[in-house]
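To keep things clear, I will list the structure first and then write my remarks on it.
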Amino acid sequence: MNLKALFFQVLDFGVQQDQSFHHKRRVKSVNLLNLVVILFLLIGLTNWFFIRDNFPIVAELVFMIMAAVSLFLSYKKYVDIAFALFTLNVNFSLFFIGEYYPPETGTYLFYFPVIVSIVLLNNPSRIDKWSLFHFMVCLVFFALSLIIDLPDWQIKNIESSQIKIIWYYDVFLSIFLTGLLTFLLNKTIFNQNKEIIVQLKDIEKTKAEVKLSLKEKEILLAELHHRVKNNLAIISGLLNLQEDAINNKEAKQIISETKNRIMSMALVHKMLFKNPEFKKIDLGKYSSQLIAELFNSYHLKENVEIEEIYDAIDISINLSIPLGLILNEIVTNSIKYGFKDTAKQNNKFFISIKKSNHFVSLIVKDSGDGFTKDFNTDLETSSLGIVLIKSLTDQIEGKVLFTNNNGAKIEINFPNN
């Protein structure tokens, strides 16, 4: 493995696929900075040529080992601890250097690359606990370096000529280090931004493919509803032919009621076909169309005063078919028994569909004779229409109540989530 491959392998210590872009960049940047710290500690060994025996070789080795430990922690995926150790290591090393060398050597200048590093490593879009930790550590150590004076740590017997050389050396090194860190970290950010742009393009491409696939599915779903509606219309047409071919009045009545039930289901698919979402229908609009169709089929449109009150309620596909059949049976029941006498004046039909929280209340009343006194929905002799109303109401987890109120009244309450 060559040095370049090894370098990039070390940079990837602690990087995981499920991390955010910023987190990946920070992990790579911390690894990079630890390598830079090790590099410049090695460069710092050149101070030995200026101060010889006074050079703090032990301290340099300790700081170098801490940088290596920080890299190891990144490798073990303890990236936040690795970042914290890096910050402590750099700040303590700067504090030590500031106490060891005279202030005239300009060691405080090395705080500039450290601050640049901390700024570039933290997420500028938000302040988190780690950002505060790193800035506070830098602030505390910088304040301590200005306040605390440790004579026992200070270098002994250093000449003014050596101080001057170290001053120029530190100025050059701090400027070079600030520029190098800024370049390296910005290059890391730039490379990651390029990666983000590539991924965004991939996302846009995937979104376009998903949108096209969804459009195709919507077309297929629309075609499905259209064909179901047409097939139900064909079945209704066949029943019409069958109705015309028989003379038995009771059989004609059964076929007519069956056609109405088929029509109520076909109307659901018709409305779903016209709805761009193909997921729900307007219950009030559906009810109004169904009532108009039924009253027209029995030629009662002009003989009955119809009053309709609807809240804006959308119902799902799963609810629309059974509820459509319930409405069909209730309205057909009113037409058959409530308006038998077409010559009677003031025939009235009332329907109300209102919502309250997650429940819907359906009330239908007519001005007919109402239910008989011995009417009992629990009897096996109940009509098919009543049986359907009860069973379908149970299917939609609702409750049904049959009463008389100047005519027949049916009230159904059901959940609509």
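The values are calculated or read from the model by the stated rules, or taken from the named source; none is laboratory data. Just so we're clear, the structure is a prediction, and the values are computed from it rather than from any experiment. Backbone-built Cβ (ideal geometry, glycine too); neighbour counts: all protein chains shown.
Some values worked out for this structure:
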quantity	calculated
Single residue of the stretch 214-234 satisfying the filter (β-branched (Val, Ile, Thr) and surrounded by fewer than 14 Cβ atoms within 10 Å (Cβ to Cβ)) that is nearest to LEU290 (Cα to Cα)	ILE234
When residues of the stretch 331-349 are limited to those that are within 53 Å of the chain's Cα centre (by Cα) and surrounded by fewer than 18 Cβ atoms within 10 Å (Cβ to Cβ), the one farthest from LEU283 (Cα to Cα)	LYS336
Residue check, LYS279 farther than 22 Å from ILE410 by Cβ, basic (Lys, Arg) and surrounded by fewer than 17 Cβ atoms within 10 Å (Cβ to Cβ)	yes
Any helices (runs of 4 or more DSSP H) falling wholly within the stretch 13-130 and containing at least 3 residues that are at pLDDT below 75	21-44, 48-51, 111-121
Test: ILE175 is assigned by TED's automatic domain parsing to the domain that holds LEU33 and not in a helix (DSSP H, G or I)	no
Members of the stretch 210-267 found to be over 16 Å from SER320 (Cβ atoms) and among the β-branched types (Val, Ile, Thr), listed by number	VAL210, ILE219, ILE234, ILE235, ILE246, ILE254, ILE255, THR258
Sole residue being β-branched (Val, Ile, Thr), under 26 Å from THR46 (Cβ atoms), touching a residue at least 60 places away in the same chain (Cβ under 8 Å) and in the same structural domain as PHE95 (by TED's automatic domain parsing), chosen from ILE189, ILE163, ILE196	ILE163
Output for the stretch 199-257, where each listed residue is at pLDDT 80 or above and of a type in the set (D, E, K, R)	LYS201, ASP202, GLU204, LYS205, LYS207, GLU209, LYS211
Breaking point among (1) assigned to a loop (DSSP other than H, G, I, E, B); (2) modelled with pLDDT of 75 or more; (3) aromatic (Phe, Trp, Tyr), for PHE190	(1)
Which numbered condition ILE317 misses (of (1) in contact with a Lys or Arg (Cβ under 7 Å, 6 or more places away or on another chain); (2) surrounded by fewer than 16 Cβ atoms within 10 Å (Cβ to Cβ); (3) outside the structural domain of LYS355 (by TED's automatic domain parsing))	(3)
Among the candidates ASN231, ASN240, ASN260, ASN328, residue that is assigned by TED's automatic domain parsing to the domain that holds VAL360 and assigned to a helix (DSSP H, G or I)	ASN328
Qualifying residues in the stretch 62-92 (those that are in contact (Cβ under 8 Å) with a residue 40 or more places away in the chain and closer than 14 Å to LEU41 by Cβ) - the one farthest from the chain's Cα centre (by Cα)	PHE92
Unmet criterion (only one of (1) in a helix (DSSP H, G or I); (2) under 21 Å from LYS409 (Cα atoms); (3) not basic (Lys, Arg)) for GLU308	(1)
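Listed here are the residues, each with its yes/no results for (1) at pLDDT below 80; (2) over 30 Å from the mean Cα position of the chain (by Cα); (3) at positive phi.
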position: LYS259; (1), (2), (3): yes, yes, no
position: LEU267; (1), (2), (3): yes, yes, no
position: ASN275; (1), (2), (3): yes, no, no
position: LYS279; (1), (2), (3): yes, no, no
position: TYR286; (1), (2), (3): no, yes, no
position: GLN289; (1), (2), (3): no, yes, no
position: LEU294; (1), (2), (3): no, yes, no
position: ASP311; (1), (2), (3): no, yes, no
position: ILE315; (1), (2), (3): no, no, no
